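Structure record follows, encoded as structure tokens.
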Amino acid sequence: MTSTAGRMSHLTPHFFSGLSTRIQVLQAEGRDIIRLDEGAPDLPPAPHILEALYSSASRPDAHSYQPHRGPRSLREAWAEMYRREYDVELHPADEIVPLLGSKEGIFHLNLAFVEPGDIVLVPDPGYVTYTRGALITGGEVHRMPLPPERGYLPDLDALPPEVLECAKLMWLNYPNNPTAAVANLEFFSQAVELARQYGFLLCHDAAYMQVAFDGERPPSLLQAPGAKDVAVEFNTLSKSHNMAGWRTGALLGNAEAVRALYTLKTNADSSHFLPIFEASTAALVGDQSWLVERNEIYRQRRDVVVAGLRRMGLPVRTPRASLYVWLPVPAGWCCASFVTAALEQAGVSLTPGTVFGPGGEGFVRISITAPLQRVQQAMDRLEAWLAKS
Ligand SMILES: Cc1ncc(COP(=O)(O)O)c(C=O)c1O
């Protein structure tokens, strides 16, 4: 067997595969483990989305290859969603391309834009695919710290001009994974101006924009004036519509960037299953009222987590969006030791902050993706365990 390419050294197996193996061992020993680690929605999509899938799949003409841009009705549905929710106009013909979930698009965009030695600016802590995608092309990663005292927004004024001059891409992600922070339009406008000044492509990952509570309405970066000149937004139905396994998302915004990713994808994949495209259309333009009820379920879980942590004397911000609570670990622990002990001793699985980069040290991420009663049980277990530790 021949050796793998040197670039493979940048790709380590995903943290969660190792964690799942350990959890399986504990479960085989009879332990009950509550998983608040992954960010996968535990609830199903709305019935009208499932109906659209069933009726489309039962048509004999639904099973062949599809065009890489998907049906026009799907791109029109994304455009309608952006007009309805964000007052953003997008041209279905050239400013939208469907993705197989947003992760592949986030990864592949680097192949379309980044040359060896180019700089890719990524948030730290941040979703790991921004970094992995940059490294696989030979790009260099410049980490932008997300300080808690700045509301987990990077200080764009503090970025060195010599870094910005070599930057090809900048990644932002709000509502943020893992910190749960929300950005405002003023910040997005500042980022758009910087991208215009230095000529890089600004990439906003909006995976959690429709998971929000307490009346919060996270903005789209495409609402910032002139955004489409320099920016794209990645969107997905994984979190917004409980469709993580369906692998359906889109890249929206700057037409040149959309065309580049489209061209790359015409060579790398063979589009998607028509019933998934048609069900995605139903998700985007059908009844949205169920999202209010779904977000209310998350809000109740969030309240149980925040109240539980505060009862334990742990200072925690109340998140107003996303699926996460970002917890500073108590004194005397690092994030890895805290997470290992919580799993082994309390039977509660959390994610160490360093999975998201060195800037995540000192924090753990708690997901609200389990039923309310399990979330409550997890808080009770953590409280009892910490009282003994
Ligand atoms: C910040 C962020 N972006 C993108 C994704 C990818 O989502 P998907 O590929 O399911 O669209 C995730 C998934 O966890 C995420 O947390």
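The values are calculated or read from the model by the stated rules, or taken from the named source; none is laboratory data. This one's a predicted model, so the numbers in the text were calculated from it and none came from an experiment. All Cβ positions, even for glycine, are placed from backbone atoms using ideal geometry, and neighbour counts span all protein chains on display. To get the accessible areas, we keep the full protein, side chains included, count just its heavy atoms, and leave off ligands, DNA and RNA. Shrake-Rupley method; radii C 1.70, N 1.55, O 1.52, S 1.80 Å.
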Residues that are surrounded by fewer than 15 Cβ atoms within 10 Å (Cβ to Cβ) and not in a strand (DSSP E or B): does segment 74-86 have at least one? yes
Only listed residue being β-branched (V, I, T), more than 16 Å from the ligand (Cβ to nearest atom), touching a Phe, Trp or Tyr at 6+ places or on another chain (Cβ under 9 Å) and touching a residue at least 24 places away in the same chain (Cβ under 8 Å), chosen from I106, I119: I119
Can you tell me which of (1) free of Cβ contacts under 8 Å to residues at least 40 places away in the same chain; (2) surrounded by 17 or more Cβ atoms within 10 Å (Cβ to Cβ) is the one T340 doesn't meet? (2)
Can you confirm whether A206 is more than 22 Å from A79 (Cα to Cα), open to solvent by less than 10 Å² (accessible area, probe 1.4 Å) and within 14 Å of the ligand (Cβ to nearest atom)? no
Of all the residues that make up segment 224-272, how many are under 17 Å from L284 (Cβ atoms) and either among the hydrophobic types (A, V, I, L, M, F, W, C) or part of a loop (DSSP other than H, G, I, E, B) (or both)? 13
Subset of segment 214-237, residues out of contact with any Asp or Glu (no Cβ under 8 Å at 6 or more places or on another chain), open to solvent by less than 10 Å² (accessible area, probe 1.4 Å) and over 14 Å from Y86 (Cβ atoms), comes to V232, T236, L237
Of all residues in segment 39-68 being more than 16 Å from the ligand (Cβ to nearest atom) and of a type in the set (D, E, K, R), the one that is surrounded by the most Cβ atoms within 10 Å (Cβ to Cβ): E51
Among the residues of segment 280-303, are any within 16 Å of the ligand (Cβ to nearest atom), at pLDDT 95 or above, among the aliphatic types (A, V, I, L, M) and part of a helix (DSSP H, G or I)? yes
Considering only segment 318-332, how many residues are surrounded by fewer than 24 Cβ atoms within 10 Å (Cβ to Cβ) and either at pLDDT below 95 or among the β-branched types (V, I, T) (or both)? 5
Those residues of segment 90-103 that are near the ligand (Cβ under 9 Å from one of its atoms) and either of a type in the set (D, E, K, R) or farther than 21 Å from R247 by Cβ (or both) come to a total of 1
Go through segment 309-351 and report how many residues are of a type outside the set (S, T, Y) and farther than 21 Å from S20 by Cβ. 22
Working carefully through the options G215, G139, G133, G151, find the one that is within 15 Å of the ligand (Cβ to nearest atom), out of contact with any Pro (no Cβ under 6 Å at 6 or more places or on another chain) and without any contact (Cβ under 8 Å) to a residue 40 or more places away in the chain. G133
Can you name the residue in segment 157-193 that is in contact with an Asp or Glu (Cβ under 9 Å, 6 or more places away or on another chain) and part of a helix (DSSP H, G or I) and, of all such residues, is least open to solvent (accessible area, probe 1.4 Å)? V192
Scan of segment 119-156 for residues that are in a helix (DSSP H, G or I) and not hydroxyl-bearing (S, T, Y), ordered by number: V128, R132, G133, A134, L135, I136, P148, E149, R150, L156
Give me the pairs, please: first residue somewhere in segment 35-63 and assigned to a strand (DSSP E or B), second residue anywhere and within 16 Å of the ligand (Cβ to nearest atom) and at pLDDT below 95, beta-carbon distance under 7 Å, and either six or more positions apart or on two chains. none
Of all the residues that make up segment 258-281, how many are farther than 14 Å from S64 by Cα, open to solvent by less than 40 Å² (accessible area, probe 1.4 Å) and of a type in the set (F, W, Y)? 0
Among the residues of segment 187-197, is any within 16 Å of the ligand (Cβ to nearest atom), at negative phi and polar (S, T, N, Q)? no
Which condition number in (1) open to solvent by 10 Å² or more (accessible area, probe 1.4 Å); (2) of a type outside the set (D, E, K, R); (3) out of contact with any Ser or Thr (no Cβ under 6 Å at 6 or more places or on another chain); (4) more than 14 Å from the ligand (Cβ to nearest atom) is the one that L309 fails? (1)
